[in-house]
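Contents: one structure, followed by commentary.
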Amino acid sequence: MTLRWEAFLTHVQERGEYDTPQEADRAARVVLALLGAHLVGHERAELAARLPETYALILLNPLAADEPLSADRFVQATAAWIEGATKETAEWDIGAVLSVAADAAGEELMQRILLQLPPGYDLLFGHPQPL
């Protein structure tokens, strides 16, 4: 089921404890753009189908990374894209956005997404995997 834009943004705003929807939107756009560069195939398309159209298009942007960033490098890249961000604030932004995306994805799709990504992304999505 696809989340409506308002619902997605409200969830991100609540989880990120952002003062405004604009702050939540900024975080969602950056995090989903970076994530989209690292996902491929059906999983990317399925996740996009469960997001509001605005964010689905960002996730599906044709940018592609040569190889997936480690979870730590993903955090660093997010911090670099958000003006004034630190590693800690980027982790906060990522957690707010990816936990909402994970809820929209559901458990089965999340398992397939995590198989595509390097170790550590499970924590970024708020879905720790057993060791």
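The values are calculated or read from the model by the stated rules, or taken from the named source; none is laboratory data. Quick caveat, the model's predicted, so the values are computed rather than measured. Quick reminder, even Gly has a Cβ in these numbers, built from the backbone with ideal geometry, and neighbours come from all protein chains shown. Protein only, heavy atoms only, side chains kept; ligands, DNA and RNA dropped before computing areas. Shrake-Rupley method; radii C 1.70, N 1.55, O 1.52, S 1.80 Å.
Brief remarks on what is shown
- Per the conditions (1) within 14 Å of the chain's Cα centre (by Cα); (2) surrounded by 14 or more Cβ atoms within 10 Å (Cβ to Cβ); (3) at pLDDT below 95; (4) closer than 23 Å to residue 8 by Cα, the sole criterion not satisfied by residue 69 is (4).
- Residues of segment 13-42 satisfying the condition of being within 18 Å of residue 121 (Cα to Cα), open to solvent by less than 30 Å² (accessible area, probe 1.4 Å) and among the hydrophobic types (A, V, I, L, M, F, W, C): 27, 28, 30, 31, 32, 33, 34, 35, 37, 39
- Counted residues, segment 85-95 - those being open to solvent by 60 Å² or more (accessible area, probe 1.4 Å) and within 12 Å of the chain's Cα centre (by Cα): 2
- Segment 18-60 holds helices (runs of 4 or more DSSP H) entirely within its bounds, and those carrying 2 or more residues that are charged (D, E, K, R) map to 21-36, 41-49.
- Restricting segment 96-131 to residues that are part of a helix (DSSP H, G or I) and without any contact (Cβ under 8 Å) to a residue 40 or more places away in the chain leaves a set whose member that is most open to solvent (accessible area, probe 1.4 Å) is 115.
- Condition check for residue 75: closer than 25 Å to residue 45 by Cα, open to solvent by less than 10 Å² (accessible area, probe 1.4 Å) and touching an Asp or Glu at 6+ places or on another chain (Cβ under 6 Å): yes
- With respect to (1) touching a Leu at 6+ places or on another chain (Cβ under 6 Å); (2) surrounded by fewer than 15 Cβ atoms within 10 Å (Cβ to Cβ); (3) among the small types (Gly, Ala, Ser), the lone exception for residue 45 is condition (1).
- For first residues located in segment 43-72 and in contact (Cβ under 8 Å) with a residue 60 or more places away in the chain and hydrophobic (A, V, I, L, M, F, W, C), partners that are surrounded by 13 or more Cβ atoms within 10 Å (Cβ to Cβ) and assigned to a helix (DSSP H, G or I) and lie 6+ apart or on another chain with Cβ distances below 8 Å form the pairs 47/59; 47/101; 47/104; 47/105; 47/109; 47/113.
- Taken together, the residues in segment 72-95 that are more than 15 Å from residue 33 (Cα to Cα) and in a helix (DSSP H, G or I) amount to 6.
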